[in-house]
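Just so it is clear, none of the values below were taken in a lab; they were calculated from the coordinates. Predicted model, so just to flag it, every value in this text is computed and none were measured. Glycine gets a Cβ as well: all are built from the backbone with ideal geometry, and neighbour counts include every protein chain shown.
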Amino acid sequence: MSRAPFTALAEVYDVIMADVEYDDWAAYILRLARERGWRGGAALDVGCGTGNATVPMRARGVEVSGLDGSQAMLRVAQRKLPSVRFYRSDFRTMRLPERFTLVYSVFDALNNLLEPSGFEAMARRVFDHLLPGGLFIFDVNTTVGLRDLWEGGRVEGWADEVYYRWVHSFDEGTALAKVEAFCETEDGPFTEIHYERPYDPPEATRLLEAAGFTGVEALSYPSGEPAPDDAARVWMVARRSA
């Protein structure tokens, strides 16, 4: 059965992603932020999904909220973190009743924005939700990363009682990566089709600066050093000027 992205997947997402280094990413984000003068305050996890990158921030005492476009994913996140405020919104149009000193996004959530205009719209909304001096830190897959996402173009295996088989392709004409995510669960099989667009540092920098950000950096994980030109994934840091 074909399902919309991030619907049926929500209930098995954490099982499949159990080995993803969310805790290390949270520590890295906070390290980058503190090295750039961040002294705490409210944070927002954009594309929070099931809350896997929200949990370690909360555990470190950060006053964090989450935002995602998938009600199914947010339902799981709220079960994990009943005291955290979660918002459902499109990244490109979010209008929240609070402002933040730090906005972050992990695991290529922003690659789901399939047009540069959408990425810029998201960046403008993030800019407007940051307090002066606030930081925006996120990772994105580059063209190098999305051309060859997995060796052989597929990944499969068992995660507890869930069988998954995800098949990847990259269209040079549209510059879009496609993942056919098949899962067999105790409730039956389903397939979700996901698309991602790469954002290389020069383009991401241009779009962030067009949204008003300054001091944009493209960095490597976990060193925090400038990212090489052939990086498959980069971490971007941008600031709303004080």
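Exposure proxy shown here: for Thr191, Thr93, the number of other Cβ atoms within 10 Å sets the order, fewest to most, as Thr93, Thr191.
For a quick check of your reading of the filter: which trypsin sites (Lys or Arg not before Pro) in region 75-113 sit in a DSSP loop and have no more than 10 other Cβ atoms within 10 Å? Write out the running numbers ahead of the final one.
Values: sites: Arg75, Arg79, Lys80, Arg85, Arg88, Arg92, Arg95, Arg99; in loops: Arg85, Arg92, Arg95, Arg99.
Passing sites in region 75-113 are Arg95.
Between Leu131 and Phe100, Thr101, the built amide H atoms are under 5 Å apart, and every one of these is 5 or more places off in sequence or on another chain.
Separation of region 1-50 and region 93-112, taken as the distance between their Cα centroids, equals 11 angstrom. In whole percent, what relative contact order does the chain give with Cα contacts below 8 Å and a gap of six or more residues? Relative CO of the chain lands at 20 percent. Close amide H contacts of Thr185 (hydrogens built in the peptide plane, cut-off under 5 Å, sequence separation of 5 or more or a different chain): Phe190.
Based on other C-beta atoms within 10 Å, arrange Val106, Val155 from fewest to most.
Values: Val106 25, Val155 16.
Lowest to highest Cβ neighbour count: Val155, Val106.
Using Cα pairs under 8 angstrom and six or more residues apart, how large is the relative contact order of region 92-149, in percent? The normalised contact order for region 92-149 reaches 52 percent. Shown for Trp150, Trp25: other C-beta atoms within 10 Å of each C-beta, ranked fewest to most, produce the order Trp150, Trp25.
Where does the chain land at 222 nm, in deg cm²/dmol rounded to the nearest 500, when only DSSP H runs of n ≥ 4 count, each adding -39500 (n - 2.57), divided by all residues? Walk me through the numbers before you get to the answer.
Working: 7 runs with 65 residues, N = 242.
Roughly -7500 deg cm²/dmol at 222 nm, from the helical runs in the chain.
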